[in-house]
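The values are calculated or read from the model by the stated rules, or taken from the named source; none is laboratory data. The structure presented is a predicted model; accordingly, all values stated were derived computationally and were not measured. FYI the Cβ positions are ideal-geometry reconstructions off the backbone, even for glycines, and counts take in every protein chain you see. The area values use the complete protein model at the heavy-atom level, side chains included, leaving out ligands, DNA and RNA. Shrake-Rupley method; radii C 1.70, N 1.55, O 1.52, S 1.80 Å.
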Amino acid sequence: MGSAISETPETSDLPSLRTPLSDAAETGLKIVVVGGFGVGKTTLVRSVSEIRPLNTEEVMTQAGVGVDETRQVAAKTTTTVAFDFGRISLNTRMVLYLFGAPGQERFWFLWDRLFSGTLGAVVLVDTRRMDESWYAIDRLEHHRTPFVVAVNRFDDEPDRYSLDEIRQALALPAHVPLVDCDARVRSSGKDVLITLVDHLYELAMAQEMTP
């Protein structure tokens, strides 16, 4: 897997026109993608969206030096300043509306607003900067928002940690799904979203069975 912030044919070959929503669609779920700065959130939304995604990326300037943490992402030249938005139909009846949250600490105040009405979330993790995932997990737990964790693999990872090692480092409970992904690849991103939907379904079934 390559660096998850560079384009491949699968991310660049996006629909030039809006894909009409199926007439049979009856269930829309709001999903938020969160994680640290430069972890690949915009790339994930871009790769899976069936419509041309809305991006609020701006060119990084000298004003961000000393403010934004750019270690391990020194080559990054743009950054999300509000949110990304995309849409994907999992089947003819279920549609996911995807919101990618900004990663820099100075924009974290937007997260609580994005979490409003959210049924579930994806926490995207870069193992080179795993500590940047804790705030996202903490805020989701605070809002009692179900989530899954997806590890976005990069070529220049100094060590390739196993999922068990990552689960231990993040102190993830056993019931929280943890998967590998490549944010550039549509099929990989879709698998992450299907994992989240399955997790939400299992939680809903368990709640129904609770006396």
Item to complete: Quick one: accessible surface of LYS30, probe radius 1.4 Å, all protein chains present, in square angstrom to the nearest 10.
Response: 40
Item to complete: Can you work out the PRE-style zone for HIS175? Point 7 Å along Cα to Cβ, and I want the residues of the range 184-200 with backbone N under 19 Å.
Response: 195-200
Discussion item. Taking the Cα centroid of the range 118-163 and of the range 177-211, what is the distance between the two, rounded to the nearest whole Å?
Written reply: 14
Discussion item. From the alpha carbon gyration tensor of the range 98-211, can you work out the equivalent ellipsoid semi-axes (sqrt of 5 times each eigenvalue) and give them in Å, largest to smallest?
Written reply: 23, 18, 14
